[in-house]
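Okay, so here's the structure we're looking at.
The values are calculated or read from the model by the stated rules, or taken from the named source; none is laboratory data. This is a predicted model, so every value here is computed, not measured. Note: ideal-geometry Cβ built from the backbone for every residue, glycine included; neighbour counts use all protein chains shown. Note: areas computed on protein heavy atoms with side chains; ligands, DNA, RNA excluded. Shrake-Rupley method; radii C 1.70, N 1.55, O 1.52, S 1.80 Å.
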Amino acid sequence: MDPSRALSYARAGRKQFVSELVEFLHFPSVSSQAEQTGDVRRCADWLARHLKNIGLDHVRIIPTRCHPIVTAAWRHAPGRPTLIIYGHYDVLPGEPLSDWRTPPFSPTIKNNTLYARGAADDKGQLFSHLKAIESYLRTSQTLPLNLFCIFEGEEEIGSPNLTPFVERNRGVLKTASAAVVSDTRMISAEQPAISYAQRGGLRAELEVDGPPHELHSGSFGGAVHNPVLALCDILAGLHDRHGRVAIPGFYDDVRVWSEKERNYMAASGPSDQQILHAARVEQGWGESGYSLYERTTIRPDVSTSGIIGGHTGHGVKGVIPSRALAKLSFRLVPDQQPERIAQIFRDHIARVTPRTARSTVRTMSPIHPALIPRRHPAVQAARQAYKLSFGVPAVLIRSGGSIPVVHTFQNVLGIPAVLMGFGLPDDHIHGPNEKLNLPIFYKAIETCIWYLALASRLSRAAGNQQRKERIA
């Protein structure tokens, strides 16, 4: 199908598209905060209405034990392949609010940049695909291939209900040739990128308890072990002086990559200087013997993402607190298994907790690492789509992030996930002042239009017959 009319529609509709995206971004759809459950549901309702308005069929809001999954389909191209489009409409909290130049859920446009929580992760990238679909349906009343859309509200909490949903609908979803996911970054505004590897993940909370209640530091300081101090000592011991994780057995299953692969990474991925520039720091840190790109992709790590303990209000308070808590994020690589890492972490904490304190470990959100075949036709079609919109083909890079559904698509459905990223390195994903570059957003829509046209030429999987099962 000639995409020229769809491209013209997309270019003419940019102002309207941005207005709709702003409306989408207003919802504080924070999946990790119970008090935002209603906002997550309202965001799902809005998304479902929008899917209907652009012409998709069988739009459903599917309840889960937590937040709903929104699905839609378009299956009117017999003999053509089927593509799954995945995205997530949930976002992280906006805190710390004081670090935002504008409120995170009051989208603000300045200098061709849209600032809001979720602008790049993942509402803006998700919306690029919806506008591409709309551009075809408004101009041709048809699409060049068949589609399933799956948009979840739990990605930021590890997608606990997505794999059961995919398994439950395996029969109908296996008709797809590939899945496309836009939730990653490009090298720069001029150099698009497709991720062919994702790190896995695991989140944990480590609580250290001391006395049953706060104690006067004058009466007990130096005599009773402070749980905040004990926690800090434990956290400081998670890495050695060379930047390696110091948990025994942590590296037992880490895959060793060939010099050929590492040379390919050096030629295609970001330089140390580019990574430092994106982080706005002058000096790197981490495991010696590896570039910064390698440290964040083919090497695992554990990060402390937050510490809570003691008096944190204004002024001072002379006490020994009764407890302290740390939140941790593990990033795992092939062939590490999150379940095993959880166990060896528990064992390690039990060994190093001082006798003067008590520790509790809670683990959650296990995510398996994923590798995608770089030469798969669905990946190569995406490279060509980028070339037609950006003027250069996308480079193939590894990603240090974790997207749970990639492993699910591969292992449950046996199809690749094509990771077409449109974020920029300085989009402040997961941080204050998250943003979306609007010229990139426009190019993303055009890239998605081209991809639908090119993906229509993919061969269907063996036995891939059009079925009429309903998404359940």
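Here region 237-306 has 49 percent of its accessible surface on carbon and sulfur atoms, given a 1.4 Å probe and all protein chains in place.
Figure legend: label point modelled 7 angstrom from the Cα of K260 along Cα→Cβ; residues of region 197-216 with amide N under 20 Å from it are 197. Mean separation of Cα pairs under 8 Å and 6 or more residues apart, divided by the residue count, gives the chain a relative contact order of 27 percent. Over the residues of the chain, the helix contribution to mean residue ellipticity at 222 nm works out to -9500 deg cm²/dmol, using -39500 (n - 2.57) for each DSSP H run of at least 4. For region 219-282, what does the alpha-carbon gyration tensor say about shape, rounded, prolate or oblate, given a ≥ b ≥ c as the root eigenvalues, a/c under 1.5 as rounded, and a/b over b/c as prolate? Taking the square roots of the gyration eigenvalues as a ≥ b ≥ c, region 219-282 is oblate. With the simple spin-label model, which puts each label point 7 Å out from Cα in the Cβ direction, the R374 to L97 separation comes to 4.6 nm.
Across region 305-318, computed HN-Hα scalar couplings (Karplus, 6.51 cos²θ - 1.76 cosθ + 1.60, θ = phi - 60°) run 9, x, 10, 10, x, x, 7, 10, x, 5, x, 10, 8, x Hz from first to last residue, x flagging Gly and Pro. Restricting to DSSP loop positions (anything but H, G, I, E, B) with no more than 16 other Cβ atoms inside 10 Å of their own Cβ, which chymotrypsin sites (Phe, Trp or Tyr not before Pro) remain in region 286-391? Loop-located and lightly packed - Y290.
Under a 5 Å amide H cut-off, with hydrogens placed 1.01 Å from N, G118 pairs with nothing among residues at least 5 apart or on other chains. Here the chain is assigned +1 on the Cβ of each Lys and Arg and -1 on the Cβ of each Asp and Glu. Its dipole about the Cα centre then comes out at about 1400 debye. Dividing the Cα radius of gyration of region 232-364 by 2.2 N^0.38 Å, with N the residue count, gives 1.27.
Taking the alpha carbon gyration tensor of region 336-472, multiplying each eigenvalue by 5 and rooting it gives semi-axes of 38, 23, 14 Å, largest first.
Charge dipole (Cα centre; +1 on Lys/Arg Cβ, -1 on Asp/Glu Cβ; no other charges) of region 55-111 amounts to roughly 240 debye. As a fraction of the 1.4 Å probe accessible area of region 116-157, surface on carbon and sulfur atoms comes out at 41 percent. Counting charges near R383 (Lys, Arg +1; Asp, Glu -1) among other residues having Cβ under 11 Å from its Cβ returns a value of +3. Solvent-accessible surface of the chain, averaged per residue with a 1.4 angstrom probe and all protein chains in place: 43 square angstrom.
Against the chain, whose longest principal axis is taken from its Cα atoms, helix 338-352 shows a tilt of about 10°.
For the cross-link pairs K52/K174; K15/K131; K52/K131; K387/K443; K123/K174; K123/K435, the ones whose C-alpha atoms lie over 18 Å apart are K52/K174; K123/K174. Based on Cα contacts under 8 Å between residues 6+ apart, region 325-391 shows a relative contact order of 36 percent.
Amide H to amide H distances under 5 Å link L396 with I194, where only residues 5 or more positions off or on other chains count and H is placed in the peptide plane. When you work out D = kT/(6 pi eta Rh) for region 143-235 at 4 °C and 1.567 mPa s, using the Kirkwood radius from C-alpha pairs as Rh and the Stokes-Einstein form, the result is 67 µm²/s.
Here the gap between N112 and R60, fully extended at 0.36 nm per residue and compared with their Cα-Cα distance, gives a gain of 15.3 nm. Taking Cα atoms, how many degrees apart are the long axis of helix 438-455 and the longest axis of the chain, rounded to 10 and kept between 0 and 90? Around 60 degrees separate the two axes. Taking amide H positions as modeled 1.01 Å from N, with prolines and chain starts lacking one, the residues under 5 Å from V319 and 5 or more places away or on another chain are S217.
When a/c reaches 1.5 or more, the comparison of a/b and b/c decides; with that in mind, is region 98-193 rounded, prolate or oblate per its Cα gyration tensor? Taking the square roots of the gyration eigenvalues as a ≥ b ≥ c, region 98-193 is oblate.
Couplings 3J(HN,Hα) for region 263-272, derived from phi with the Karplus relation 6.51 cos²θ - 1.76 cosθ + 1.60 (θ = phi - 60°), are 5, 4, 4, 5, 7, 9, x, x, 7, 4 Hz, where x marks Gly and Pro. For the chain, the longest principal axis of the Cα atoms and the long axis of helix 227-236 meet at an angle of about 60 degrees. Converting the Cα gyration tensor eigenvalues of the chain into ellipsoid dimensions via √(5λ) gives semi-axes, longest first, of 41, 24, 22 Å. Projecting the Cα positions of Q410, P96, F330 onto the charge dipole of the chain (unit charges on Cβ atoms of Lys, Arg, Asp and Glu, taken about the Cα centre) puts Q410 furthest along the positive direction.
Using the Stokes-Einstein relation with a Kirkwood hydrodynamic radius computed over Cα pairs, the translational diffusion coefficient of region 1-91 at 25 °C and a viscosity of 0.890 mPa s comes to 162 µm²/s. With contacts taken as Cα pairs under 8 Å and at least 6 residues apart, region 1-91 reaches a relative contact order of 22 percent. Computed 3J(HN,Hα) for region 134-140, one whole-Hz value per residue from the Karplus formula 6.51 cos²θ - 1.76 cosθ + 1.60 where θ = phi - 60°, is 4, 4, 6, 5, 6, 9, 10, glycine and proline marked x.
On the beta carbon distance between R168 and H314, with R0 = 60 Å, the FRET formula returns roughly 0.70.
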